[in-house]
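Below is one structure, written out as structure tokens; comments come after it.
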Amino acid sequence: MEIFHLSAECYPVAKVGGLADVVGALPKYLNQAGHKAKVVVPAYNNKFVQENEYETVHQGQLRLGRFVFSYSIAKEATGKLGFELYQIAIPELFDRPNVYSYEDDTERFLSFQIAFLNWLIETRQRPDILHCHDHHTALIPFMVQHCLNYEVLRLTPTILTIHNGQYQGWFGYDKLHYLPQFDLSKIGYLEWNGTINPLASGIKCAWKVTTVSPSYLDEISNRANGLENLLRWERPKSLGILNGIDTEVWNTKTDSLVVKNYSLKDFKKGKTANKAYLCEQFHLNPDLPLFTFIGRLVGEKGADLLPQICSVALHQNQGKINILILGSGDTGVELELSSLQNFYAGNYSAYIGYNEKLAHIIYAGADFLLMPSRIEPCGLNQMYALRYGTIPIVRRTGGLRDTVLDIGDGGFGICHNETSVSDVIHSISRAIQLFDQPKTFDAIRKYIQQIDHSWDKVATEYIDVYESLK
Ligand code: GLC
């Protein structure tokens, strides 16, 4: 089958969060299973685009209301990613360094979707499946079904995967005329709660809706930023598929970003070496348990509570634990986390920013990973941690619920019910107890590295969905 993945992000081309990791991996594994999966993302003005070779495969124009934009489609020349990568350049809208957060994001992602469909039409491509990810590409199911220009694609099956239902891409009726011409009686497919809602439209129009974990699908029927009733209604065509992780990238034996590679046999040595490096870099004590948080510093991840969690934990366990934070996001939280360094130097450090290499070393060198998320559609970090022998401490929600079982229930992680300072502090105390029982601690660290979250397994679940639509 020929499958197009449409997304705003794709690792290593452009990454803001976990969406990129999924779009950069799933297609590779679909190809390995004998399919032809291709990825289409916008051409941002970033390092990957500047440093890689492309060949232009198509040029055209698109209309957005009274504006006309030229676009071109370039294919990555080497095929080194394990799938064909196409990037759509619309210079006025995408020749910028960042993926999101511009005032004209509506115009940007609408143009991207229109350019993609125009390209299919103009080059007479008829793929078997269009797989859209999140709201940035969620108008495609509506457009192929109801826009006159794309009539020949009407019977092309579309899938929408929800990686994050909080963001929906809302825009007002004043921009409705940006959409290519459609029968106005179909406007109901675009609306939700009095505005145009791309995510809602995708949920209504896609042939299948998937979420990135089964528990998240259950949860969003009750809590989905206004889309609860719609999701309940569309439940019969919805399915939760737990994400995988790219075990070629996340492999302790071959990972070129870590300080020392390791296998199951010598993992203690390997983890100790990585921890020693971190402790030296961040002036921490390598004999103490090392807790970490890696990720976006936003409310969804519970990051607003981190400053308080850290200060209470460090105060209560004076000189008995280390905490190392890596992340960026909310500036208030960034500031608070940075300033904590003045109070707990020697046991606490924060790196504010995005640093893929450091993240790998931390997964390899830390003892415990904190994920107090309020919302976690899947979460990949806990799976990276497991694979690298770092014990996750998670709030029971979404994909965290589906991947981490508490040691008290015969499992291998530490779980709590609420995103609250007291729940996390309690979990940290349990972690310290575990760290103080080296035999059990090591047995768990060894066990978790063997849990299989590889994409090979997950890709077959997607293939089953694709086949069911043919
Ligand atoms: C989003 C979600 C995260 C998920 C990722 C990949 O970033 O917040 O939970 O793991 O998408 O699907």
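The values are calculated or read from the model by the stated rules, or taken from the named source; none is laboratory data. Not measured: the values here are computed from a predicted model. Ideal geometry is used to build each Cβ from the backbone, glycine not excepted, and the neighbour counts take in all protein chains shown. Only protein heavy atoms, including side chains, enter the accessible area calculation; ligands, DNA and RNA are left aside. Shrake-Rupley method; radii C 1.70, N 1.55, O 1.52, S 1.80 Å.
Restricting attention to the stretch 445-462, does a residue exist that is modelled with pLDDT under 95 and open to solvent by 20 Å² or more (accessible area, probe 1.4 Å)? Yes, because at least one residue in the stretch 445-462 is modelled with pLDDT under 95 and open to solvent by 20 Å² or more (accessible area, probe 1.4 Å).
When the stretch 386-398 is filtered for residues that are touching a helix residue (DSSP H, G or I) at 6+ places or on another chain (Cβ under 6 Å) and either within 10 Å of the ligand (Cβ to nearest atom) or open to solvent by 10 Å² or more (accessible area, probe 1.4 Å) (or both), only G398 remains.
Residue by residue, here is whether (1) part of a loop (DSSP other than H, G, I, E, B); (2) within 25 Å of the chain's Cα centre (by Cα); (3) more than 30 Å from K208 (Cα to Cα); (4) basic (K, R) holds:
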| site | (1), (2), (3), (4) |
| --- | --- |
| D423 | no, no, yes, no |
| T440 | no, no, yes, no |
| K457 | no, yes, no, yes |
| V465 | no, yes, no, no |
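Considering only the stretch 241-250, state which residues are assigned to a loop (DSSP other than H, G, I, E, B) and either more than 18 Å from A138 (Cβ to Cβ) or more than 16 Å from the ligand (Cβ to nearest atom) (or both). The answer is L242, N243, G244, D246, T247, E248, V249, W250. Within the stretch 227-245, residues that are within 23 Å of E461 (Cβ to Cβ) sit with their Cβ atoms under 7 Å from residues that are within 15 Å of the ligand (Cβ to nearest atom) and open to solvent by 40 Å² or more (accessible area, probe 1.4 Å), at 6+ positions apart or across chains, in these pairs: G240/P214; I241/E461; L242/P214; L242/D402; I245/R387. Within the stretch 1-53, the residues that satisfy the criterion of being open to solvent by 30 Å² or more (accessible area, probe 1.4 Å), without any contact (Cβ under 8 Å) to a residue 60 or more places away in the chain, touching a Phe, Trp or Tyr at 6+ places or on another chain (Cβ under 9 Å) and within 20 Å of I463 (Cβ to Cβ) are N31, K36. Assess whether G299 counts as being within 16 Å of the ligand (Cβ to nearest atom), open to solvent by 10 Å² or more (accessible area, probe 1.4 Å), in contact (Cβ under 8 Å) with a residue 24 or more places away in the chain and over 12 Å from L337 (Cβ atoms). It is true that G299 is within 16 Å of the ligand (Cβ to nearest atom), open to solvent by 10 Å² or more (accessible area, probe 1.4 Å), in contact (Cβ under 8 Å) with a residue 24 or more places away in the chain and over 12 Å from L337 (Cβ atoms). Considering the conditions (1) open to solvent by 10 Å² or more (accessible area, probe 1.4 Å); (2) within 16 Å of the ligand (Cβ to nearest atom), G319 is excluded by exactly one of them, (2).
Take the conditions (1) under 25 Å from H360 (Cβ atoms); (2) surrounded by fewer than 23 Cβ atoms within 10 Å (Cβ to Cβ); G410 misses just one of them, which is (1). In the stretch 337-385, of all residues being open to solvent by 10 Å² or more (accessible area, probe 1.4 Å) and touching a Cys at 6+ places or on another chain (Cβ under 9 Å), the one that is farthest from the ligand (Cβ to nearest atom) corresponds to Y344. Taking the criterion of being part of a helix (DSSP H, G or I), open to solvent by 20 Å² or more (accessible area, probe 1.4 Å) and either within 16 Å of the ligand (Cβ to nearest atom) or not polar (S, T, N, Q) (or both), the residues of the stretch 112-163 that qualify are I121, E122, H135, H146, L148, E151, V152. Answer with yes or no whether Y447 is more than 28 Å from A206 (Cα to Cα), within 16 Å of the ligand (Cβ to nearest atom) and aromatic (F, W, Y). Considered against the rule, which asks whether it is more than 28 Å from A206 (Cα to Cα), within 16 Å of the ligand (Cβ to nearest atom) and aromatic (F, W, Y), Y447 comes out as no.
Taking the stretch 194-240 as the range and being open to solvent by 10 Å² or more (accessible area, probe 1.4 Å), part of a loop (DSSP other than H, G, I, E, B), over 25 Å from Y178 (Cα atoms) and of a type outside the set (S, T, N, Q) as the test, the residues that pass are R223, E234. Those strands (runs of 3 or more DSSP E) of the stretch 5-106 in which at least 2 residues are under 24 Å from the mean Cα position of the chain (by Cα) and within 16 Å of the ligand (Cβ to nearest atom), considering only elements entirely within it, cover 36-42. Out of L314, L288, one residue alone is away from the ligand (no atom under 16 Å from the Cβ), open to solvent by less than 60 Å² (accessible area, probe 1.4 Å) and under 30 Å from P377 (Cα atoms). It is L314. Cβ separations smaller than 8 Å between residues 6+ apart or across chains give the following pairs from the stretch 431-460 residues that are of a type in the set (A, V, I, L, M) to residues that are open to solvent by 90 Å² or more (accessible area, probe 1.4 Å): I432/K320; A459/Q32.
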